[in-house]
Every structure is written in C-alpha cells, then in structure tokens.
1. Does at least one position in region 50-57 carry a residue that is on the phi > 0 side of the Ramachandran plot and modelled with pLDDT of 95 or more?
2. How many residues does region 52-111 contain that are surrounded by fewer than 19 Cβ atoms within 10 Å (Cβ to Cβ), of a type in the set (Gly, Ala, Ser) and part of a strand (DSSP E or B)?
3. Could you grab the pairs with beta carbons closer than 7 Å, sequence gap of 6+ or different chains, first residue in region 160-173 and without any contact (Cβ under 8 Å) to a residue 12 or more places away in the chain and of a type in the set (S, T, N, Q), second one in a loop (DSSP other than H, G, I, E, B) and within 8 Å of ligand 2 (Cβ to nearest atom)?
4. Within the bounds of region 121-130, is there any residue that is assigned to a helix (DSSP H, G or I) and either at pLDDT below 80 or in contact with a Pro (Cβ under 9 Å, 6 or more places away or on another chain) (or both)?
5. Could you tell me whether region 109-119 includes any residue that is at pLDDT below 90, over 28 Å from Pro31 (Cβ atoms) and not aliphatic (A, V, I, L, M)?
6. Filter region 153-167 down to residues that are more than 10 Å from ligand 1 (Cβ to nearest atom) and surrounded by 12 or more Cβ atoms within 10 Å (Cβ to Cβ), then give me how many there are.
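The values are calculated or read from the model by the stated rules, or taken from the named source; none is laboratory data. In this text, all values refer to a predicted model and were calculated from it rather than measured experimentally. In this analysis, Cβ positions are derived from the backbone assuming ideal geometry, glycine residues included, and neighbour counts consider all displayed protein chains.
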Amino acid sequence: MTLPTIQLTCTPHRPNVKSVIITPLQLEREPLLFDEAIPAGALEYAPDVTQVGPLPVTGRADLLLEHRGHREQVADIRLRAAYHGDFEVLCARCVEPVQTPLTGSFDLIFRPQEADADPGERAITPDETEIGYYEESGLSLEDVVREQVLLSLPSRTLCKEDCKGLCPRCGQNLNLESCNCNPTADPRWNALAGLAGTVKSS
Ligand SMILES: [Zn+2]
Ligand SMILES: [Zn+2]
C-alpha cells in the first residue's frame, strides 16, 4: 500500500517558508508520510546555532483517537520522524563556529491544546512518555523539528576540550595568539575560568 505524501502549504505568518501543518482532519482516512528538506535559514534556532545546508526530515503522522467517557473524543497526533543535517554552533568560550553534524529521531504524541484544560480529566495512555500540545490551526512539523534539534544539542559546545577562550580584557582569541594583557598576573582569573568550565551554563 502506498500512502500519500503531505503537501507543503504556506503559513501566513512566515510567507517565505514552506511549512508542513498537520491537522487531525488530514489524518482521518490514512496516515501522512512526509519526506521534506527544511532549507537553511528557514528556521531560527538560537543566537549561537545555525543550520548549514538543508535538513532532510522523513517520517509519518498518525491520528490517535482517545476516548474519554461516553461522548468525548480527543484527536491526538502521533508524529514520528528522523532528521539529519549540519549545524554550526558557537564555541562557548571563544565564540568560533564549531561544525556539529546532527542525526536524530523522535516519536511524540501531540494533544489538542484545549483537551487538558481540566487536569482532573487528563487521560493517561499506557505508553505515555512524552505529550506535547498543538494549537487549533494544527501541528507545525518545523516547530517540532526545531525544538528537537535544540534538545539534542549539548548544553555547551566547545571547539576543543582545552579551548583557551577569549582574553577577558582585550578579546583576543587566545587559541590563536596570546596577548599582552598578562592574564597570569591575577590568579583569580584562572580560578574563575576553571570554575566556569565545570558549571553548566543554564
Ligand atoms: Zn573555543
Ligand atoms: Zn588580552
């Protein structure tokens, strides 16, 4: 059996970005398969994270109907996908771009935002691991991928374990060249630098 491939539509708020919006209505008859490439620049990840080249995303979306009581039905969307692509992440110490190839996959369930308004009614599915929510307009594949990419990146990226960082006084990249600020003059700088290396930036 072959399944239809999802069509790209333009979202009003991002007119230049083709976006895959998934709604329960689309999934009523059959799942949707997608095989897309998110172009570089289409998504903004974080100030220190840039997508380099296209990000291929393949997967499928299924409708899961949850029955609550006799009358109520909740239309959940199960989204499974895999992606791989190249990113540039700035080194946390010297701010030089670090090539960061990423490969990831996810299997997530999204529930209509209004469905869990009353926490007492929250139904638990047997294999409930991660539940997200989608708005009335539908679930944006790009939004999910963006979030998953950010989650999969390390909390702190270094160009190398012993990156010397920037001189706190003149800004010189100390991996390339030492400066004349005499950083050893004040040993507290070294103590602070060592501390910064062990404390996870939040
Ligand atoms: Zn560095
Ligand atoms: Zn300096």
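1. The answer is yes; a qualifying residue exists.
2. Selection size over region 52-111: 4.
3. Gln172/Cys179
4. Taking every residue of region 121-130 in turn, at least one turns out to be assigned to a helix (DSSP H, G or I) and either at pLDDT below 80 or in contact with a Pro (Cβ under 9 Å, 6 or more places away or on another chain) (or both).
5. The answer is yes; a qualifying residue exists.
6. Here the count works out to 3.
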